[in-house]
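Just below is one structure, and these are the notes that go with it.
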Amino acid sequence: MKTLPLGVEPIVAPRIEFNESRSLIGLTHDEVAQKLREIGVPEKQCRMRAQQIWHWIYFRGAKSFDEMSNISKEMRVKLNEHFDVGRPEIIEALISKDGTRKWLMKFPDGQEVETVFIPEADRGTLCISSQVGCTLTCTFCHTGTQRLVRNLTPAEIVMQLLVARDFLEEWPSPSEGRLVSTIVLMGMGEPLYNFENVKKAMQIVMDDNGINLSRRRITLSTSGVVPEIYRCGEEMGVNLAISFHAVDDETRSKIMPINNKYPIAELLKALQNYAGIKNSRKITFEYILLKDVNDSDEAAHKLVKLIKDYKIPAKVNLIPFNPWPGSTFERPSKSRVAKFSDIIFSQGISAPIRTTRGEDILAACGQLKSESEKKRKYNKGL
Ligand code: SAH
Ligand code: SF4
């Protein structure tokens, strides 16, 4: 993998415009077949052609119909007339000194999202966004301060993986030794507030005729949208991470307004019923450490007690707070973080401290916010 010293990756690929109304990306097999039917492809060919196109998009990473060599020339002309399989504009492609990468992409309506790739020794994790901005205003999160919010479409969610794979040159889809081996829905937005689109996008990336990513390699992180947690387990079957962050309702409501709607006891009950648990999978409790807010020894003990009282198979991920321009919280000292982790470990629950990655390119957890929003603020002198 090439690394560039200045942290900016040249965007060399010629771009074929992504246009949602013409794009065949983000559709199910049946929907692609239906699109073909609509442009007069004979009925008996629709399913087979849809399969071929699907394979080209998701297995080979084709960005144009011209690459689809087993499709006749006339058919390709016709496909080009009506549809495309191109990519959105990439505004920024950054590489951190630790190898983390971040891409900022812009969709035709001008909205932007960020996607982060974190390479590790034995795997590579792609952190995908589910919304532009976020309607929840957690006080420690940069995304939560973004005013513009909309749901991403299934195409826009899947596109983030396709773009990452383009840059990493990971086509055709390898069966093992993948660079992008894991997906986490931990970018911008609350995925359970965009349930249907996230579900469809995940079904596409799990499809074995294309990207073929196992549900065990996908983790959805939620701030705790209780009614959708059960559905998430039943209908998507992915791993669940919960942004827990505080052990009493008063503190949690202060930093995560969603706690007013779904307080801790309700949340823990929902986690008890999460379908993944039946398949012996653990729920990840994400716990951001904020100096003097939620980082005491008592909080660590209480966290263990809650997990045990509710009998939830859990692991804890400790995330020392990542600052962003204008944030008011502080990261606790290294020794405080280590003590917090030790208390949990000593009671039999794994609680690793997540090392912050890509800080120099503002790619760490909770630092994502669209570039245009940052510039708007800057121009207004905020
Ligand atoms: N909306 C979802 C998913 C996106 S946030 C959720 O809240 O779970 C991904 C993770 O980053 C969450 O656990 C979130 O609480 C955490 N996070 C947000 N801001 C952070 C910050 N400044 N420092 C460290 N982690 C942060
Ligand atoms: Fe939204 Fe998650 Fe950030 Fe809260 S932490 S504002 S839910 S993205």
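Structure summary
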{"item": "Top-ranked residue of region 145-155 - restricted to ones that are open to solvent by 10 Å² or more (accessible area, probe 1.4 Å) and outside any loop (DSSP other than H, G, I, E, B), ranked as nearest to TRP54 (Cα to Cα)", "result": "PRO154"}
{"item": "Within region 253-275, considering residues that are within 15 Å of ligand 1 (Cβ to nearest atom) and polar (S, T, N, Q), the one nearest to VAL225 (Cα to Cα)", "result": "ASN259"}
{"item": "Every residue from region 303-321 that is part of a loop (DSSP other than H, G, I, E, B) and either within 16 Å of ligand 1 (Cβ to nearest atom) or closer than 27 Å to ILE361 by Cβ (or both)", "result": "PHE321"}
{"item": "Scope region 272-302; condition under 25 Å from ILE218 (Cβ atoms) and either assigned to a loop (DSSP other than H, G, I, E, B) or at pLDDT 95 or above (or both); matching residues", "result": "ASN273, TYR274, SER280, ARG281, LYS282, ILE283, THR284, PHE285, GLU286, TYR287, ILE288"}
{"item": "Single condition GLU234 does not satisfy, out of (1) surrounded by fewer than 17 Cβ atoms within 10 Å (Cβ to Cβ); (2) within 15 Å of ligand 1 (Cβ to nearest atom)", "result": "(2)"}
{"item": "Selection count, region 322-366, where residues are modelled with pLDDT under 95, near ligand 1 (Cβ under 10 Å from one of its atoms) and touching a strand residue (DSSP E or B) at 6+ places or on another chain (Cβ under 6 Å)", "result": "2"}
{"item": "Count of region 238-254 residues which are in a loop (DSSP other than H, G, I, E, B) and either surrounded by fewer than 17 Cβ atoms within 10 Å (Cβ to Cβ) or touching a Pro at 6+ places or on another chain (Cβ under 9 Å) (or both)", "result": "1"}
{"item": "Filter result (in a loop (DSSP other than H, G, I, E, B), modelled with pLDDT of 60 or more and not acidic (Asp, Glu)) within region 1-26", "result": "PHE18, ASN19, SER21, ARG22, LEU24, ILE25, GLY26"}
{"item": "Test for SER214: is it away from ligand 2 (no atom under 16 Å from the Cβ), out of contact with any strand residue (DSSP E or B) (no Cβ under 6 Å at 6 or more places or on another chain) and assigned by TED's automatic domain parsing to the domain that holds VAL149", "result": "yes"}
{"item": "Of the criteria (1) charged (D, E, K, R); (2) in contact with a helix residue (DSSP H, G or I) (Cβ under 8 Å, 6 or more places away or on another chain); (3) under 30 Å from GLU38 (Cβ atoms), which one GLU112 fails", "result": "(3)"}
{"item": "Hey, VAL226 in contact with a helix residue (DSSP H, G or I) (Cβ under 6 Å, 6 or more places away or on another chain) and crowded, with 22+ Cβ neighbours inside 10 Å or not", "result": "no"}
{"item": "Region 260-271: number of residues that are under 15 Å from TYR193 (Cα atoms) and in a helix (DSSP H, G or I)", "result": "1"}
{"item": "Of all residues making up region 226-237, the number that are assigned to a loop (DSSP other than H, G, I, E, B) and more than 19 Å from the chain's Cα centre (by Cα)", "result": "0"}
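A quick yes/no check of all residues on (1) among the hydrophobic types (A, V, I, L, M, F, W, C); (2) within 16 Å of ligand 2 (Cβ to nearest atom); (3) out of contact with any helix residue (DSSP H, G or I) (no Cβ under 8 Å at 6 or more places or on another chain):
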{"residue": "ILE95", "(1), (2), (3)": "yes, no, no"}
{"residue": "ARG101", "(1), (2), (3)": "no, no, no"}
{"residue": "PRO108", "(1), (2), (3)": "no, no, yes"}
{"residue": "CYS127", "(1), (2), (3)": "yes, yes, yes"}
{"residue": "CYS141", "(1), (2), (3)": "yes, yes, yes"}
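The values are calculated or read from the model by the stated rules, or taken from the named source; none is laboratory data. Quantities reported herein were computed from a predicted structural model and do not represent experimental measurements. Every residue, glycine among them, receives a Cβ derived from its backbone with ideal geometry; neighbour counts consider all protein chains shown. Side chains included, ligands, DNA and RNA excluded: accessible areas come from the protein's heavy atoms. Shrake-Rupley method; radii C 1.70, N 1.55, O 1.52, S 1.80 Å.
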